[in-house]
Amino acid sequence: MPMDSTSAFHVVFNQAEAVLWFVIALVLIVRSRMKMHWRWLLPLAFALFGVSDLIEAKTGAWWEPWWLFVMKAACVLVFLLAWRAHRRQGKPHA
């Protein structure tokens with residue numbers, strides 16, 4: 001069954017997004033100056049987010065199957081916690 005142009009765009013967009021997340025993960029691995037526990041966790045989260053986009057390209061939805069949504073939410077949680085840790089790192093302690 002041929003894809004319509006919207007479906008084709010969705011697939012290509014998700015594949016391009018996956019490449020972006022994989023590149024960010026690679027850059028974080030190579031150039032990381034983060035504290036030890038974030039050194040592996042953040043690149044892993046970006047790589048998993050890339051995998052989730054490849055799965056989304058196949059399923060057509062970020063919420064189906066249910067575990068795909070959980071996977072994406074876990075990655076976003078790691079992104080937010082890493083950002084928070086980074087922001088706190090530069091502040092003097094009282």
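The values are calculated or read from the model by the stated rules, or taken from the named source; none is laboratory data. What you see is a predicted model, and the numbers here were worked out from it, not measured in a lab. Quick reminder, even Gly has a Cβ in these numbers, built from the backbone with ideal geometry, and neighbours come from all protein chains shown.
List every residue pair whose Cβ atoms lie under 6 Å apart, where the two residues are 6 or more positions apart in sequence or sit on different chains, the first residue falls within the stretch 4-32 and is under 16 Å from L42 (Cα atoms), and the second residue, located anywhere, is at pLDDT 95 or above and of a type in the set (F, W, Y).
Filtered contacts from the stretch 4-32: W21/F46; W21/F49; I24/F46; A25/F46.
Give me a count of the residues in the stretch 55-78 that are β-branched (V, I, T), more than 18 Å from S7 (Cα to Cα) and touching a helix residue (DSSP H, G or I) at 6+ places or on another chain (Cβ under 7 Å). It would help to see each step written out before you state the result.
As a first pass, look at the stretch 55-78 and keep what is β-branched (V, I, T): 55, 59, 70, 76, 78.
The next check asks that each one be more than 18 Å from S7 (Cα to Cα); those that pass are 70, 76, 78.
The next check asks that each one be touching a helix residue (DSSP H, G or I) at 6+ places or on another chain (Cβ under 7 Å); those that pass are 78.
Result for the stretch 55-78: 1.
Within the bounds of the stretch 6-24, is there any residue that is hydroxyl-bearing (S, T, Y), at pLDDT 90 or above and surrounded by 11 or more Cβ atoms within 10 Å (Cβ to Cβ)?
Filtering the stretch 6-24 for residues hydroxyl-bearing (S, T, Y) gives 6-7.
Adding the requirement that they be at pLDDT 90 or above leaves none.
No - not one qualifying residue is present in the stretch 6-24.
Can you name the number of the only condition in (1) modelled with pLDDT under 90; (2) under 12 Å from the mean Cα position of the chain (by Cα); (3) among the hydroxyl-bearing types (S, T, Y) that S52 fails?
(1)
Cβ-Cβ below 9 Å, separation at least six or inter-chain, first residue in the stretch 39-67 and touching a residue at least 60 places away in the same chain (Cβ under 8 Å) and part of a loop (DSSP other than H, G, I, E, B), second surrounded by fewer than 16 Cβ atoms within 10 Å (Cβ to Cβ) and not aromatic (F, W, Y): which pairs?
Between residues of the stretch 39-67 that are touching a residue at least 60 places away in the same chain (Cβ under 8 Å) and part of a loop (DSSP other than H, G, I, E, B) and residues that are surrounded by fewer than 16 Cβ atoms within 10 Å (Cβ to Cβ) and not aromatic (F, W, Y), there is no close pair.
In the stretch 43-84, what residues are closer than 20 Å to V23 by Cβ and in contact with a Lys or Arg (Cβ under 8 Å, 6 or more places away or on another chain)? Working first, answer last.
Residues of the stretch 43-84 that are closer than 20 Å to V23 by Cβ, as a first pass: 43-57, 71-72, 75-76, 78-79, 82-83.
If the condition is that a residue be closer than 20 Å to V23 by Cβ and in contact with a Lys or Arg (Cβ under 8 Å, 6 or more places away or on another chain), then F49, S52 are the ones that fit.
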